[in-house]
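Coordinate-derived values only; no laboratory data. As the structure is a computational prediction, the values presented were derived from the model and not from experiment. Here the Cβ is made from the backbone with ideal geometry for all residues, glycine too, and neighbour counts use every protein chain on show.
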Amino acid sequence: MRLVPLDILSITLDIPFVPPLTQRAADLEAFAAWLCNGEMGIGLRTDQVRLKTWDDLYGYEMVAQFFGDNGLVTRTADRVKLVIRNSRNRADWELVSRILMRFYTNMQFPAKPMTTFSANVHSRLPAADELVSFFQGFPLPEMASRPALFSYLRVEGWETDVRVLIEKSKVLPDALFMIWETQFQNEQDWETFIAELPGMMERAVNRFGLAFMPMA
């Protein structure tokens with residue numbers, strides 16, 4: 001098994017509202033207050049939260065940015081999205097985990113429709129020849145212009161298929177770029193479940209002979 005680091009980790013959560021929520025049903029003032037709550041929410045400043053409206057029913061968009069440009073919450077009538085980019089170490093992941101747990105605890109989504117979870121990681125290998133030798137272990141079609149691996153996988157202990165793509169990173173030299181996409185229901189023991197997300201990701205790429213180094 002080839003050990004790879006989680007040099008740069010980014011995640012996206014996309015949860016639809018079915019049916020869509022009007023401004024009144026969404027209780028946007030309470031959601032904004034949660035975003036700015038340092039104990040139970042994310043602890044944003046008020047100037048980091050913005051609301052645009054263009055009618056009194058479904059025409060609204062709330063946007064909150066944090067961690068510079070690395071964190072983003074977008075809420076509209078039909079969905080809420082949470083994006084956190086550029087996590088680089090264990091301390092970052094612990095902060096991300098805490099935000100995810102607070103997010104799901106506050107939102108109290110019904111079990112369905114499910115969350116669409118996507119993540120990507122840039123993993124630097126020790127040398128360029130290791131990157132080449134990794135892809136040489138998998139036959140590619142003659143018409144392929146650059147190496148890439150793609151599969152839908154069943155992962156032990158996970159409820160839905162996991163879509164995995166592995167290719168060369170365009171951000172880091174001599175690095176892999178790995179993408180995961182899957183879904184899960186919104187009724188979980190969130191502390192345990194969120195802690196298991198890296199394990200699900202690792203079990204998926206185990207199928208390609210990869211395993212994660214411990215986070216620094």
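Taking a spot 7 Å from the Cα of Ala33 along the direction of its beta carbon, which residues of the range 87-118 have an amide N less than 15 Å from it?
106-107
So for the chain, what are the equivalent ellipsoid semi-axes in whole Å, largest first, each being the square root of 5 times an eigenvalue of the Cα gyration tensor?
Those come to 35, 18, 17 Å.
Say each of Asn186 and Thr46 gets a label point 7 Å from the Cα, pointing the same way as Cα to Cβ; how far apart are those two points in nm?
A separation of 2.9 nm, rounded to one decimal place.
What aspartates and glutamates sit close enough to Lys112 to cross-link, taking a C-alpha to C-alpha distance under 19 Å and skipping anything fewer than 8 places away on the same chain?
Excluding near neighbours in sequence, the set is Asp14, Asp78, Glu159, Asp161, Glu181, Glu187, Asp189.
Under 12 Å between alpha carbons, and skipping anything fewer than 8 positions from Lys52 in its own chain: which aspartates and glutamates qualify?
Reachable aspartates and glutamates: Glu61.
Determine the calculated [θ] at 222 nm for the chain from helices alone, applying -39500 (n - 2.57) to every DSSP H run no shorter than 4 residues and normalising by the residue count; nearest 500 deg cm²/dmol.
Taken over the chain, the calculation gives -8000 deg cm²/dmol.
May I ask for the net charge around Val121, where only other residues with Cβ less than 11 Å from the Cβ of Val121 are counted and Lys, Arg are +1 while Asp, Glu are -1?
That sum, taken over residues with Cβ under 11 Å, equals 0.
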